[in-house]
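First comes the structure, then the notes that go with it.
Just so you know, all these numbers are worked out from the coordinates, no wet-lab data involved. The shown structure was predicted, so the numbers you read here are calculated from the model rather than taken from an experiment. We place every Cβ from the backbone using ideal geometry, glycine too, and count neighbours over all the protein chains shown.
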Amino acid sequence: MKESVVSAKKPIKTVIGPIHPALKEPIKFIFEIDGEKVIKVDLAPGHNHRGLEWMATRRNAVQTLYVSERICGICSISHSIAYCRAIEQAADIEVPVRADYLRTIFAEMERIHSHLLWAGVAALELGFDTLFYKAWEVREDLMDLLEYLTGNRVNYGVLQIGGVRRDITPDQHARINKSLLNYTILFDELYDMFLEDTVLRMRCRDTGVLTPEDALKLCTVGPVIRASGIATDVRQDFPYCAYGDLDIKAITPEALAGEVHGDVFDRIIVRLLEVKQSIEIIQQSMKKMPIGPLTNFPKLMVLLNHIKQAEGEGIGRHEAPRGEVFHYIRLAANQESPLVWKVKASTYSNAMSWVKMLEGEQIADIPIIVASVDPCISCTDRVAMVDKGRTSIFTQDDLRRLSRKKTERIRQGLK
Amino acid sequence: MFRLPMVPRVLKQLFNKPATNPFPARHLPKSITRFLEKVAAGKAELVLPLEVPEGFRGKIGYNPEGCTACSLCARVCPANAIEVNREEKTVTVYAGHCIQCGQCTEVCPKNNLFMTKEFLTATTDRYSEEMVLT
């Protein structure tokens, strides 16, 4: 091997990705490294564009629901809730109260399993494999519960525009209560394993700090902004589904430690406490859930015809486990497929916070800092540039010009 | 104070049974095909996969009897896995394309489409006989 002499003044440029064993999804990182220290970070997503929004324009609203479910494997309920709410707003569809409660319950179950999955991944990135296995073993019970209630472990297919497809029957309550009780006990165990472990605390305290000012400036969402001490949560700020009836408060690390660092450890605290909160939300919803119909459109063809005749636009927001997801829908009269479907996944807002978090950190801390955001790269990719002979870097002005052009195109299509 | 709460748990775990169901055998056989041949000959025992719950959405099933080829199923199928020939009144369901959402089973007026509990459907040919239902 050739020995290379590193000058103290000139940092080395290292590229990781788009495909790299350390990354679970394709994203390119460009690090400028001086010794063990990260000086500058740049990132380039855009390697996993799947054209889902385009697919929606060739399918009707019910077909697109299942496409929306497949934007993200983990937040599948979150994206379909946001999509359904957007369509319901655009086509003026009322959702029965029971369906709202059921949506809440399924969404919170998803949050528990997503946060436990993240806890496992974080432990893996820290090199703490025992904890990784433990977290995923704990998660399995909830996956079984979701399979029992919805018929599948992932991509539950339980939502429908205007309601839900499956009910929780009284004889299923016993199984749910057993699982929730199990998780209440397990939560104390997980709490002990994650937050009382000295090695884990030493590793994560004050690494990957994101100050509240930066968090606000970069428009981060979800557990990332809450770990920086800013109590924002769509469920609390703009209640939807059944969240308005329930007792929900955005969780910040202050609740536990009394102080906010905005580091990786705080993100662990926030996610673990949210697991506990979700258990409480499910218990509350199960008690308060009224009896009633599941949907106002039992006949699917009536629903499709209603959406076909509707004209207008709608937005749907949902607090997914990773942060807020946002869907925009534009429906045109006498057209089955939506005219525009725009999806903003939560990692889209959180990706730029990596730059602030990683600067000045050690190389060994890169994996855990990257994982602490709970990134979902393929959900984020909404654009692919395929034109040949153009510059490969698009500046802000270029993108603005292109998006204005697209908006104009859509407007013309509306007339 | 220095604490490692994981250590006693790991020691306890040493005496616990694994949480995973050892499917298809306790130890991974060198060749699955040869192992299955042995099972057929009665020389080895197959560890069965866990039971799936009621309402599980497995491989799609289709019963052509009484089907009117109304094409409602094809209209709601997100994967376009159902092909309807209205002239000959035949329906072809491509299970290899199906995403098992179960939407067609709900919309079918004659209940000719249904979800089975079958989930071991891995195959090298997605157009093989058992994957194309007519």
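Projecting the Cα atoms of A:PHE106, A:TYR66, A:VAL41 onto the dipole axis of the range A:19-128, where Lys and Arg carry +1 and Asp and Glu carry -1 at the beta carbon, places A:TYR66 farthest toward the positive end. Among A:LEU190, A:LEU402, A:LEU65, a tally of other beta-carbon atoms within 10 Å of each Cβ gives an order, fewest to most, of A:LEU402, A:LEU190, A:LEU65.
Its relative contact order, with pairs defined as Cα atoms under 8 Å and 6+ residues apart, puts the range B:60-133 at 38 percent. Counting only other chain Cβ atoms within 10 Å of each residue's Cβ, the peptide B:9-16 averages 2. Dipole of the range A:58-343 computed with +1 at Lys/Arg Cβ and -1 at Asp/Glu Cβ about the Cα centre; of A:PRO96, A:PRO298, A:VAL275, farthest Cα towards the positive end is A:PRO298. Rounded if a/c is under 1.5, else prolate if a/b is larger than b/c, else oblate: which is chain B, with a ≥ b ≥ c the root eigenvalues of its Cα gyration tensor? It is prolate, given that a/c is not under 1.5 and a/b is the larger ratio. About its Cα centre, the dipole of chain A is roughly 1980 debye, where the only charges are +1 on Lys and Arg Cβ and -1 on Asp and Glu Cβ.
For peptide A:188-196, the mean count of partner chain Cβ atoms within 10 Å of a residue's Cβ comes to 2.
Oblate is the label for chain A. Its Cα gyration tensor axes, ordered a ≥ b ≥ c, give a/c of at least 1.5 and b/c at or above a/b. Among the cysteines of the protein assembly as shown, those whose beta-carbon sits 4.7 Å or more from every other cysteine beta-carbon are A:CYS84, A:CYS204, A:CYS219, A:CYS241, B:CYS67, B:CYS70, B:CYS77, B:CYS98, B:CYS101, B:CYS108. Straight-distance candidates among the aspartates and glutamates for linking to A:LYS342, with alpha-carbon spacing under 13 Å and chain neighbours fewer than 8 residues away dropped: A:GLU53, A:GLU313, A:ASP381.
Counting, for every residue in A:64-71, the Cβ atoms of other protein chains within 10 Å of its Cβ and taking the mean gives 3.
Within straight-line reach of A:LYS28, meaning a Cα separation under 12 Å, sit the following aspartates and glutamates at least 8 residues removed in sequence or on another chain: A:ASP42.
Measuring between their Cα centroids, the range B:12-51 and the range A:239-314 lie 41 Å from each other. If the chain linking A:GLU140 and A:LYS178 were pulled fully straight, counting 0.36 nm for each residue of separation and taking away their Cα-Cα distance, it would gain 12.3 nm. Using the Cα gyration tensor of the range A:282-412, with a ≥ b ≥ c the square roots of its eigenvalues, what is the shape: rounded (a/c below 1.5), prolate (a/b larger than b/c) or oblate (neither)? Oblate is the answer for the range A:282-412, as a/c is 1.5 or above yet b/c matches or exceeds a/b. Beyond 19 Å between alpha-carbons counts as too far, so tell me which of A:LYS37/A:LYS356; A:LYS13/A:LYS40; B:LYS89/B:LYS110; B:LYS17/B:LYS38 fall in that bin. Flagged as over cut-off: B:LYS17/B:LYS38. Between B:ALA25, B:ALA74, B:ALA95, the Gaussian network model of chain B with springs among Cα atoms under 10 angstrom shows the greatest mean-square fluctuation at B:ALA25.
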